[in-house]
Every structure is written in C-alpha cells, then in structure tokens.
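Notes follow the structure.
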Amino acid sequence: MKISRLSLIIAAIGSTYLSAGAALADAVQSLPDSEQPIYALVDPQIPLGESPLTDFKAKNPPPWKIGYASSYAGNTWRAESLNEIMNVLLPEAKEAGLVSEVVVTQSDLKDAVQIQQMRQMVDDGVDAIIICCSNVTALNSTIEYAYSKGVPVFSFSGYVTSPYAINVAANHMLGGYEMGKWLAEEIGGKGNVVLVSGIPGFASSDSFDLGAKKALEEYPDISIIGELAGKWTDQVAQTELQKFLATNPRQVDGIITQSAQENGVLNAMLQSGRPMVPITLGGEASAACYWSKNPDWISSSFHIWPPAREMSQAWDVMLRTLQGQGPKIQSMLRPVLPYSLADVREALPEDCNLNSTDWIQPSNSEWWPEDIAEQYFHNPS
Amino acid sequence: MLITKTFRSLGSIKIPLILFMILLFVISIQAPKLFSVSGFSNAILVSAPLILATLALTPIVMAGRGAVDLSIGPLISFLNVTLIAWLSGNNITNPIVFCLWAVIAGAGYQIIQALIVTYIRIAPIIVALSGYLILTGVNLMVMSRPGGLSPEWMSSWSGGGEPQIFSPILILVLTALGLWGLFTRTGLYKQLRLVGSDERMAYTSGVRVDFVRIVAYALGGVFAGFAALSYTALVSSGDPTQGATYTLQAVTALVLGGASLSGGRGTATGALLGALNMFLITYLLGAFSFGSLSGYITSLAYGGILAASLLVNVVSNRSSVSRG
C-alpha cells in the first residue's frame with residue numbers, strides 16, 4: 001500500500017517535471033533562431049514556459065486604462081522610465097486611440113503597499129498593470145487575482161515567478177556575466193574586484209549578481225574582496241563604496257557595478273585618491289561623460305537595462321497582448337548591447353555634464369525590433 | 001449630554017475612533033469601491049499583518065519601562081522565512097504544525113526577551129534593538145533572497161481568486177481579538193495595567209511583577225505568530241527583509257491607536273483602529289493621483305496625522321483635566 005502510493009507520487013512528480021520541461025523547451029523553441037542564444041544562460045528562477053495569456057482577450061475595447069505600479073522612485077533610472085511612459089508612450093497611444101490614461105503609484109520598496117496599490121487598481125477597473133523590478137514572489141497571488149479579473153500584469157526590467165504575468169527585460173544574468181567577463185579581461189584576468197550590487201532580493205539585482213559571479217569564478221586569480229549594496233542610487237553607491245575604501249586598505253583592481261549607480265561608484269573612486277580602475281558602465285550619461293573625457297579609461301560598456309527601452313518594450317508587449325495577439329512565452333528577454341566610446345561621443349556633446357541625470361540608450365529598433373517582436377506572438381498584426 | 005458622557009468613557013480610543021469615522025466618510029465619497037466585497041476582502045488581506053503586528057506590540061508596551069518591541073518587523077520576517085524554508089521547504093505543510101510553529105516560535109522569542117529584560121535588567125528598548133539587528137542577520141542566513149512557496153492550503157488565504165468576506169485571514173484577526181478579549185477578563189490583565197503604570201506600587205501590592213511581564217511578552221509573541229501567518233499568506237512566499245518595514249508602521253499604528261509608550265495603557269480596539277487608520281490613509285491617498293510621489297506622500301501623511309492626533313490628544317486631555 002505504502003509502496004504503491006509512493007510510486008504514484010514519484011510518477012506524478014516525474015510527469016509534472018517532464019511536461020513542464022516540454023512546455024519550457026517548446027516555448028523557447030517557438031522563438032526565432034536569432035533569439036535562441038539569449039536564452040542560453042538565464043537565471044533559473046525566470047519562468048520560460050508557455051504563457052497562459054496566449055488566448056487572452058481584453059475585457060474592454062480600446063482605449064484602455066493602464067496602471068503602472070512602480071516599487072521605487074528615487075533614482076535617475078526610474079525617473080527616465082516614468083518619463084518614457086508618461087511623455088512619450090502615453091501621448092502616442094492616446095493619439096492612436098489605444099490608451100486613455102495611465103495611473104501611476106509608487107510603493108517606496110514596501111511589498112505590502114505595492115500589493116494594495118495593485119489590488120486597488122484592479123478594483124478601479126484598469127485593463128492592464130505594468131510593474132517594475134519588484135519582489136519576485138510576493139506579488140504572485142495579487143497577479144493571480146488581477147488575472148482572474150481579466151487584468152494581465154507585465155513586469156518590466158525584472159521578473160516575477162507567477163505564470164500569469166509576462167516578464168519583459170534584458171537577460172540580466174547574461175548581462176552580469178558579460179560585464180563580469182569584460183571586467184576580468186580588462187584587468188588582465190587577475191586582481192581584486194569589488195561587486196556593487198543593486199537591491200539584494202530584487203529580481204534583476206540578484207540575476208545580475210549570479211551572472212557576474214559566474215563570470216568571475218572562471219578566473220581563479222580574481223577574487224571578490226567586497227560586496228556592497230548601492231540601492232541603484234548614485235548617492236547610496238557612492239557612500240557605500242567610500243565606507244568600504246576607507247576601511248579596506250587592500251588594492252582594488254576593478255569594480256563591477258550594476259547600473260543607475262555607476263556614477264556614484266566613479267565619484268567615490270575619484271574622491272578616495274586611489275588610482276582609477278576599470279568600472280562597468282550601464283548607460284548613465286554622467287559616467288559616460290567622464291569616459292568621453294578620459295578615453296583611455298575603459299574599452300567598452302553595456303546597455304544592461306536601458307530604462308526607456310525596457311519600458312517601451314513592456315508597453316509594446318502589453319498593447320499586443322491587449323489586442324489579442326497571443327504572447328508565446330512567459331518571459332521576453334533581450335541581449336545586453338555593448339556600446340563604444342564612439343557611441344558615447346555621438347550621444348553626448350563635447351562639453352557634456354559630469355552630473356547629468358540623462359541616459360545613453362539604444363534606439364527602439366536596436367532593442368526590440370518590430371520583426372523580432374512579431375515573432376514573440378502567435379497572431380502578430 | 002449622554003453623547004459627551006459616552007464619548008468621554010471611550011477614553012484613549014476616542015481620537016482614533018473619530019479619525020476612523022472621518023476616513024470612512026471621505027472614502028465613501030472619494031473611493032466607494034472599498035465598500036464592495038472585493039474592496040473589503042482586499043482591505044482585510046492587506047491590513048491583517050499590520051493589525052496583528054500592532055496587537056503584538058500592545059501587551060509588551062503595556063508592561064511599561066518604555067518597552068517598544070522594535071524587533072517585531074524582523075520577528076515577522078523570521079517566522080515567515082522559517083515557515084517557508086524550514087517547514088514548507090522540507091514538505092512539512094500540515095496546517096496545524098504550520099500555525100503552531102509560528103505561534104510557539106514567536107512566543108518563545110518574546111519570552112527570551114522578557115527574561116533578559118527582567119533578570120539581566122537591560123532596558124527593553126536596547127534588548128529590542130539588539131533583537132532587531134540579530135534577527136535581520138539571521139533572516140538573511142535562513143533565506144538569502146525572496147523565494148519559496150507557501151503550502152497549497154494557504155493559497156486560498158492569499159486572495160488569488162474570487163474575493164470573499166469571511167476569509168481565513170479575517171478569522172485569524174478575529175481569533176486574535178478574541179484571545180485578547182479573554183485575556184482582559186483575567187486578573188492578569190489588571191495586574192499588567194498596574195505593572196505598566198506603576199511598577200513599584202504593583203510590587204508592594206503583591207503583584208508578581210516578573211511573571212506578569214513574561215506573560216505579556218509571551219502574549220505579544222503569540223500575536224506576532226499570527227501576524228507572520230497573515231504576512232506569509234499575503235506574499236505566499238518567504239522574504240528575509242520585507243518584514244522589517246512593519247516595525248515603524250506598527251509603532252505608528254500603536255501610537256495612533258492611543259496606546260501610551262510609557263506603559264499601562266493600551267487596548268486591542270486601539271491597536272485595531274490605529275492599524276486600520278493607517279490602511280485607510282493609504283487607500284484614500286491611492287484614490288488620488290500622486291503618481292510616482294505616492295509612496296512618499298503616504299509616509300508624509302502617516303507622520304502628519306500621527307503628530308496631529310497626538311496634539312489633539314494632549315489638548316483634549318488637558319481640557320478634561322482642567323474641567324475636573
């Protein structure tokens with residue numbers, strides 16, 4: 001009796017795994033060949049199965065009311081993505097008669113508050129919700145609640161593990177890996193590295209760290225001598241690194257930092273009086289300006305999470321889903337795009353501002369090309 | 001005349017009660033969706049952890065010596081991550097074991113705090129602060145990043161599907177209030193109030209001061225277990241850091257509910273009203289479009305209303321004292 005029950009359980013578990021594996025492979029395989037490499041190295045927690053929104057039909061005809069439940073507002077990245085949705089995407093969609101308004105809330109990093117704001121949005125009758133870089137699991141039952149009321153949730157620049165949401169972002173683990181590899185090569189494959197993480201516990205932050213550590217582990221002569229949390233805010237990263245440098249006399253040969261804080265890292269290094277070392281840049285115009293003025297500093301940089309592009313990708317995916325185009329996969333990932341000194345000099349004037357709060361970003365057609373986007377949907381139009 | 005008399009008999013909860021009425025009134029005009037089934041069930045779901053956390057602070061603050069348990073937030077997180085990582089993670093999902101662990105571990109932690117406060121005689125606030133720091137570290141060791149899944153039976157608690165008024169969360173809150181109601185009927189409650197308002201007098205009148213304090217802490221720990229259960233249902237996963245945000249909110253709700261931080265005074269109704277008022281403020285502000293400022297405006301409103309209600313309290317107490 002006992003044995004048969006056990007074997008039943010094993011069979012059940014086995015079959016769920018098999019079917020999950022099959023669905024997963026199907027979902028990624030249904031994407032074009034050019035997209036396959038992006039899914040080669042993915043944070044194992046990111047869901048890559050078929051989306052339950054495949055047959056989704058919007059509960060109302062357009063124009064739709066959209067909710068944007070952001071989890072934080074205190075940095076240049078959030079400001080830029082908010083600017084994109086309110087001042088670029090919304091007016092365009094209004095003109096096209098697709099969207100009537102965007103309701104914005106912000107939870108100051110409190111999950112319970114974000115949960116309440118999202119539930120309130122659902123009850124107030126929004127047609128879709130965009131969330132940003134939130135806790136990966138805490139919102140899941142709220143997302144399920146929204147789904148049960150016909151409101152799909154789109155998480156951009158970060159993922160949630162709920163099957164009912166669509167995640168739209170760069171592959172942050174791949175990004176961390178590529179930036180880690182670049183830094184390791186830049187410092188000659190040996191030395192002491194400081195890792196300035198974002199907000200530990202938040203999706204993209206943890207994915208990035210996973211990738212970065214994986215890359216650095218491939219170089220036995222490189223050791224990570226410090227891990228700091230910069231909270232994706234220049235001022236926080238600057239203070240944290242200053243504290244670290246003041247209390248650690250050891251030599252630092254390179255700094256791998258997440259973005260929306262690299263200028264703080266750069267400033268802390270400048271203030272410390274130590275010789276400048278390679279730092280990973282992720283698109284802040286301020287640090288890029290320093291690079292433009294010191295061309296020998298580093299060899300390359302990466303668009304890891306360009307704020308306006310990730311937002312416009314989420315917006316595009318949301319509109320397509322509301323139009324009933326049927327998303328193929330739960331997470332739509334983008335590769336990290338490198339950018340060079342030439343790109344920086346093209347984007348910034350010669351007398352650029354070292355304290356700028358702007359971003360250097362790829363264009364829409366580079367980040368989420370129309371022809372690629374269409375292949376992520378069953379019935380593109 | 002009768003109204004003023006009943007009103008005065010309400011004592012410390014009259015200010016939170018007035019605030020509650022005002023908030024409900026404004027919400028009925030600005031955001032009437034709250035008075036629907038889904039609005040109500042969401043309200044219970046989201047506000048339950050705060051209500052229970054505030055309730056967990058109440059007996060402890062009543063015991064006096066300025067005992068504000070700052071570690072309540074990390075304690076909720078600790079119970080949350082251990083429920084998910086140690087129990088759920090090892091396939092121990094029996095509801096009774098789950099609830100018992102939260103309640104017993106919560107009470108156990110608070111009893112340790114009480115023993116340190118009573119026998120080593122360290123100021124409660126310092127003990128609580130150390131607890132805060134220790135638990136913050138321990139939580140990250142148990143679970144380094146958010147994850148895990150709450151057991152299957154708990155998913156019906158978390159409000160993923162159809163909203164319902166009599167949700168298990170509401171029952172959890174009612175049970176806690178019922179427990180408190182039972183406690184107030186025992187002699188211990190009177191002794192606790194006496195210990196909190198004048199420990200020396202309580203001692204000279206033969207009250208077992210140490211025992212009363214330990215019971216108060218243990219009761220607070222039981223409520224912390226309830227709070228952790230409702231929080232775990234809310235996020236249906238484990239999170240090592242988010243619980244900490246409840247510390248400041250619960251202390252605010254405690255004061256907003258009319259409890260005295262110097263001890264002796266505190267009621268479950270006050271804790272309930274304080275926490276509900278905090279929720280209603282957030283809800284009401286959500287009805288206005290503050291956009292990306294909304295998180296900050298909410299904090300600002302909490303602070304402003306807290307200061308205002310304390311001020312009203314002081315003024316009204318002074319006037320009632322002068323009247324005689």
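The values are calculated or read from the model by the stated rules, or taken from the named source; none is laboratory data. This structure is a prediction, so every number in the text was calculated from the model and none was measured. Note that each Cβ is placed from the backbone with ideal geometry, even for glycine, and that neighbours are counted across all protein chains shown. When the accessible area is computed, the model is the full protein with side chains, heavy atoms only, and any ligands, DNA or RNA have been set aside. Shrake-Rupley method; radii C 1.70, N 1.55, O 1.52, S 1.80 Å.
Separation of region A:362-381 from region A:79-119 is 22 Å, based on Cα centroids. Set the Cα radius of gyration of region A:173-303 against 2.2 N^0.38 Å, with N its number of residues, and you get 0.93.
From its DSSP helices (H runs of at least four residues, each -39,500 (n - 2.57)), chain A gives a residue-normalised ellipticity at 222 nm of -13000 deg cm²/dmol.
At most 16 other Cβ atoms within 10 Å and a DSSP loop assignment: could you name the GluC sites (Glu not before Pro) in region A:349-381 that fit? Provide the component values of the computation, followed by the final result.
Details: sites: A:Glu350, A:Glu366, A:Glu370, A:Glu374; in loops: A:Glu350.
Sparse-neighbourhood loop GluC sites (Glu not before Pro): A:Glu350.
The charge dipole of the protein assembly as shown, taken about the Cα centre with unit charges on the Cβ atoms of Lys, Arg (+1) and Asp, Glu (-1), comes to about 4220 debye, rounded to the nearest 20.
Please give the per residue accessible area of region A:173-303, computed with a probe of 1.4 Å over protein heavy atoms only, in Å². Walk me through the intermediate numbers first.
Numbers: 4500 Å² over 131 residues.
The answer is 34 Å² per residue.
In plain terms, chain B is cut at each of the chymotrypsin sites (Phe, Trp or Tyr not before Pro) found in a DSSP loop with at most 13 other Cβ atoms within 10 Å, and the longest leftover piece is B:1-165. Net charge near A:Lys94, counting Lys/Arg +1 and Asp/Glu -1 over other residues with Cβ under 13 Å of its Cβ? With Lys, Arg at +1 and Asp, Glu at -1, the neighbours total -2.
DSSP beta bridges fully contained in the protein assembly as shown are about 20 percent antiparallel.
Ignoring ligands, DNA and RNA, what percent of the 1.4 Å accessible area of chain B is carbon and sulfur? Mind dumping the intermediate values first?
Numbers: 9930 of 13930 Å².
Carbon-and-sulfur percentage of accessible area, whole number: 71.
Projected area of chain A, taken from the Cα convex hull and averaged over every viewing direction, in nm²? Before the final figure, lay out the partial values.
Details: hull surface 85.8 nm².
With every direction weighted equally, the projected area is 21.5 nm².
Counting charges near B:Asn80 (Lys, Arg +1; Asp, Glu -1) among other residues having Cβ under 13 Å from its Cβ returns a value of -2. The simple spin-label model puts a point 7 Å past each Cα toward its Cβ; for B:Leu133 and A:Asn294 those points are separated by 3.6 nm. When all alpha carbon pairs of region B:161-252 are counted in 5 Å bins from zero, the resulting P(r) reads 3, 11, 17, 17, 16, 14, 9, 7, 4, 2, 1, 0 %. Note on B:Leu248/A:Glu370: beta-carbon distance plugged into 1/(1 + (r/R0)^6) with R0 of 35 Å gives a FRET efficiency of 0.15.
For region B:155-217 versus region A:281-326, the spacing of their alpha-carbon centroids is 53 Å. Interface size, chains A and B: roughly 2900 Å² of accessible area buried, both sides included, 1.4 Å probe, rounded to the nearest 100. Spatially, region A:28-75 and region B:225-275 are offset by 35 Å when compared through their Cα centroids.
How high is the relative contact order of region A:247-296, given as a whole-number percent (alpha carbon pairs under 8 Å, six or more residues apart)?
Values: 43 pairs, mean separation 20.3, N = 50.
Contact order relative to length: 41 percent.
Think of region A:134-240 as a dipole: +1 on every Lys or Arg Cβ, -1 on every Asp or Glu Cβ, centred on the Cα centre; then among A:Val193, A:Leu210, A:Thr161, A:Thr161 lies furthest on the positive end. Spin-label model, A:Ala342 to B:Leu174: label points 7 Å out along the Cα-to-beta-carbon direction sit 7.2 nm apart. Maximal additional length on extending the B:Arg121-B:Ser156 stretch stands at 8.2 nm, based on 0.36 nm per residue less the C-alpha distance. At a threshold of 40 Å², the residues of region A:120-154 that become less accessible to a 1.4 Å probe in the full protein assembly than in their chain on its own are A:Gln120, A:Asp123, A:Thr137, A:Ser141, A:Tyr145.
For region A:173-303, a simple Cβ point-charge model (Lys and Arg +1, Asp and Glu -1, everything else neutral) yields a dipole of about 280 debye relative to the Cα centre.
Once Rh is set to the Kirkwood radius over Cα pairs, what Stokes-Einstein translational diffusion coefficient, in µm²/s, holds for region B:11-318 at a temperature of 25 °C and a viscosity of 0.890 mPa s?
Numbers: Rh = 19.7 Å.
The estimated diffusion coefficient comes to 125 µm²/s.
What is the sum of charges around B:Val207, taking Lys and Arg as +1, Asp and Glu as -1, for the other residues whose C-beta is under 13 Å from the C-beta of B:Val207? Residues near B:Val207 contribute +2 overall.
Note on A:Lys231: lysines with a C-alpha under 28 Å away, same-chain residues under 8 apart excluded, are A:Lys110, A:Lys181, A:Lys190, A:Lys213, A:Lys214, A:Lys243, A:Lys293.
Counting only protein heavy atoms and a 1.4 Å probe, tell me what percentage of chain A's accessible area is made up of carbon and sulfur. Show your work: numbers first, answer last.
Working: 7700 of 14280 Å².
About 54 percent, which is the carbon plus sulfur part of the accessible surface.
Normalised per residue, the accessible area of region B:130-210 is 57 Å², obtained with a 1.4 Å probe and no contribution from ligands, DNA or RNA.
For chain A, the longest principal axis of the C-alpha atoms and the axis of helix A:172-186 are separated by about 20°. Within a straight-line Cα-Cα reach of under 22 Å, A:Lys65 can be paired with the following lysines, leaving aside sequence neighbours fewer than 8 residues apart in one chain: A:Lys57, A:Lys94, A:Lys149, B:Lys33.
DSSP loop (so not H, G, I, E, B), at most 10 other Cβ within 10 Å: list which trypsin sites (Lys or Arg not before Pro) in region B:110-211 pass both filters. Answer in residue order: B:Arg121, B:Arg185.
Could you work out the percent of alpha carbon pairs in the protein assembly as shown separated by over 44 Å, rounded to a whole number? Intermediate results must be reported in sequence, preceding the final value.
Numbers: 70501 of 248160 pairs.
So the portion of pairs separated by more than 44 Å is 28 percent.
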